[in-house]
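What follows draws every value from the coordinates through simple rules; no lab data is involved. Keep in mind that what you see is a predicted model, and the values were worked out from it rather than measured. In this analysis, Cβ positions are derived from the backbone assuming ideal geometry, glycine residues included, and neighbour counts consider all displayed protein chains.
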Amino acid sequence: MTKALCLNCGNLKYGAFCACSCQAQSSGNIGLDIAFIDRFYDIETLKGFGAVIKAIRSATTDPAARRAAFLEYVSEHHPSILTVDLEPEMKAKTTEILRGLTLPTVTVREPPPRRQQRSETDRFEIPKFI
Ligand SMILES: [Zn+2]
């Protein structure tokens, strides 16, 4: 089953649209829900973004500002994933939140191809006929 990053708590959960153990439901934005899943990024990458979410959570209790700060971080450091254009008031909040934090560096890696996950013994031998 798909592993996805919970945008609320930063832990990994099963299924992009399923509730997390932190009780958070879908973000309400399908594109955002499926942006951080193990089909697009390896588990370490998702955990790296989770560490960013956890660091931001330590800086504010405002859920909307936390979400916006994470999106602002991704937009700034990993614009190939997504970009956001926040309202000036929210932009000021997120700038303030992110300024006081030392965030982990996230190296974005694609997931390993499925074929490489199979072992040599999984290979099917076709007998030769003479
Ligand atoms: Zn969660």
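The figures follow:
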{"read-out": "Helix-only CD estimate at 222 nm, as mean residue ellipticity for the chain, using -39500 (n - 2.57) per DSSP H run (n ≥ 4)", "value": "-11000 deg cm²/dmol"}
{"read-out": "Most mobile of Glu110, Glu96, Glu87 in a GNM of the chain (Cα contacts under 10 Å)", "value": "Glu87"}
{"read-out": "³J(HN,Hα), Karplus 6.51/-1.76/1.60, whole Hz, each residue of region 28-34, x for Gly, Pro", "value": "x, 10, 4, x, 6, 4, 9"}
{"read-out": "Kyte-Doolittle at least 0.0, axis length at least 18 Å by Cα - qualifying DSSP helices, the chain", "value": "43-57"}
{"read-out": "Within a Gaussian network of the chain (alpha carbon springs, distance under 10 Å), most fluctuating of Ile53, Ile34, Ile81", "value": "Ile81"}
{"read-out": "Cα centroid of region 87-102 to Cα centroid of region 1-64, whole Å", "value": "20"}
{"read-out": "Val84 paired with Glu44, simple spin-label distance in nm, labels 7 Å along Cα-to-beta-carbon", "value": "2.7"}
{"read-out": "Whole-number percent relative contact order across the chain, with pairs defined as alpha carbons under 8 Å at least 6 apart", "value": "23"}
{"read-out": "Convex hull volume of region 3-108 per residue (C-alpha atoms, cubic angstrom)", "value": "92"}
